[in-house]
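Reading through the structure tokens given below for one structure.
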Amino acid sequence: MLALSIAATVAAAVWAYLVVGHGGYWRASQWLPRVTGEPGRWPDVVAVVPARNEAAMLPATLPALLGQDYPGPLSVILVDDGSTDGTAEVAARLGRGSTRTLRVVAGTPVPPGPPDDAGRWAGKVWAMAQGLRAAGIPADSDPGRAGRAGRADPGYGYVLFTDADIAWEPGALRALVAAAEGDDRDLVSQMALLRTATGWERVVVPAFVYFFAQLYPFRRVNKPSSRTAAAAGGCMLVRRGALERSGGVAPIRAALIDDVAMGAMIKGQRGRCWLGLSRQVVSVRPYPGLASLWQMVARSAYTQLNYSPLLLAGTIIGLLFSYALPPAAAITGLTLLAAGTATAPAALAAGAGLAGWALMSLSYLPMLRLYRLSPLRAPGLPLIALLYAAMTADSARRHYAGRGAEWRGRTNQTRTNRTRLR
């Protein structure tokens, strides 16, 4: 009991630090900055949409993107990434009659290379690169080539990377560009509001965003002096000049977690980044059961750990210690107190366990509020953390079984760059 009480006290101290000193990750306070006035000249925006077997999603998303209330030039390049469900045809049909330009590019297969070769292109990043090439930004190692390609204003304008399942409110792009221009940001990214229509979605999705923010506190991402870098792949507005300076997306060609890699790439060139939440950028992709949500997490969890067994063990132990230990200590201590066999260590275990559990639950409330879910769900966060620990372990199992990074019918074993992000 003495060991349990000491461990519970340490866990409570960990939660005190997380709540007070870890970048305010839990506050859900980072929203698109309000800027006074609008740009005198609205820059060109090219939206690049990698799409693989997204025929069912596009009718709910592509018209909204093409119909953006954006005063400047906007064109959309959809890269059909080897779809077998008629994605290209659906996109072309939806683009007819739009006042905006839609180009549907037939994607080519990923260039061959050893699966563990850091120079081999990951599937989605290769599709992004083909979209950039169609927009006049070659994906090669010549950072200045695109700016010398005859454009009168090299580097001016933005590229919007978005996904085929993202639905845009009419004024969302206008607000993004105004924020980027007004605050001089090279990357402005918003975490799309994910769907929470089913029971399992309501369990897993808010925690997914919560854990992502815990890994990459948004306030730290948004500080130019901080080394923390990240982005959210469903909505990444990148200054064209920043992409030209880096040579397109070639530096992150092997990245399976392309959004975090994009944030690191832009910040690595001393670009100013911003990451926050949104209600105007929404994912409409359904996850009807636990199996599909499990796949969403497990496909990249071990990638996030750089395929390290040591990091895997540390992560699972950390989840158990931080999330499972406080309620276990509280219940154990309270049980002994109720049975009349109380000791000082039992009382300490109960008190420290309750304190850690309370701080943990408190930190989850803003995320539940964002998703308009009951605050009574907050004390259940330890159980959700155990579920995520199991998903992470399964992600490693899949990797060693040769099924790592399996997504939308394609298995990609390319390893990510091992750059450490803080």
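The values are calculated or read from the model by the stated rules, or taken from the named source; none is laboratory data. This is a predicted model, so every value here is computed, not measured. Positions of Cβ are generated from backbone atoms using ideal geometry, with glycine treated the same way; all protein chains shown enter the neighbour counts. For the accessible areas, the whole protein counts, side chains as well, though only heavy atoms, and no ligand, DNA or RNA atoms are used. Shrake-Rupley method; radii C 1.70, N 1.55, O 1.52, S 1.80 Å.
So for the pair A92, T341, with labels modelled 7 Å out along Cα→Cβ, what separation do we get in nm?
It works out to 7.5 nm between the two label points.
Where does the chain land at 222 nm, in deg cm²/dmol rounded to the nearest 500, when only DSSP H runs of n ≥ 4 count, each adding -39500 (n - 2.57), divided by all residues?
Helix contribution divided over all residues of the chain: -14000 deg cm²/dmol.
In segment 200-338, what percent of the accessible surface is made up of carbon and sulfur (1.4 Å probe, ligands and nucleic acids excluded)? Write out the running numbers ahead of the final one.
Numbers: 3110 of 4890 Å².
Of all accessible area on segment 200-338, carbon and sulfur atoms account for 64 percent.
Out of these labelled values of Cα extents along the principal axes in Å, (1) 61, 46, 41; (2) 88, 70, 43; (3) 81, 51, 38, which was calculated from the coordinates shown here?
(3)
Give the percent of DSSP beta bridges with both residues in the chain that are antiparallel, rounded to the nearest 5.
Percent antiparallel among DSSP bridges in the chain is about 35.
Keeping every protein chain present and rolling a 1.4 Å probe, give me the accessible area per residue for the chain in Å².
On the way: 17490 Å² over 422 residues.
For the chain, the solvent-accessible area averages 41 Å² per residue.
What's the magnitude of the charge dipole for the chain around its Cα centre, counting Lys and Arg as +1 and Asp and Glu as -1 at the beta-carbon? Answer in Debye, nearest 20.
Dipole size: approximately 480 debye.
What's the ranking of 97-108, 203-214 by average number of surrounding C-beta atoms within 10 Å, highest first? Intermediate results must be reported in sequence, preceding the final value.
On the way: 97-108: 14.7, 203-214: 20.6.
Result, highest mean Cβ count within 10 Å first: 203-214, 97-108.
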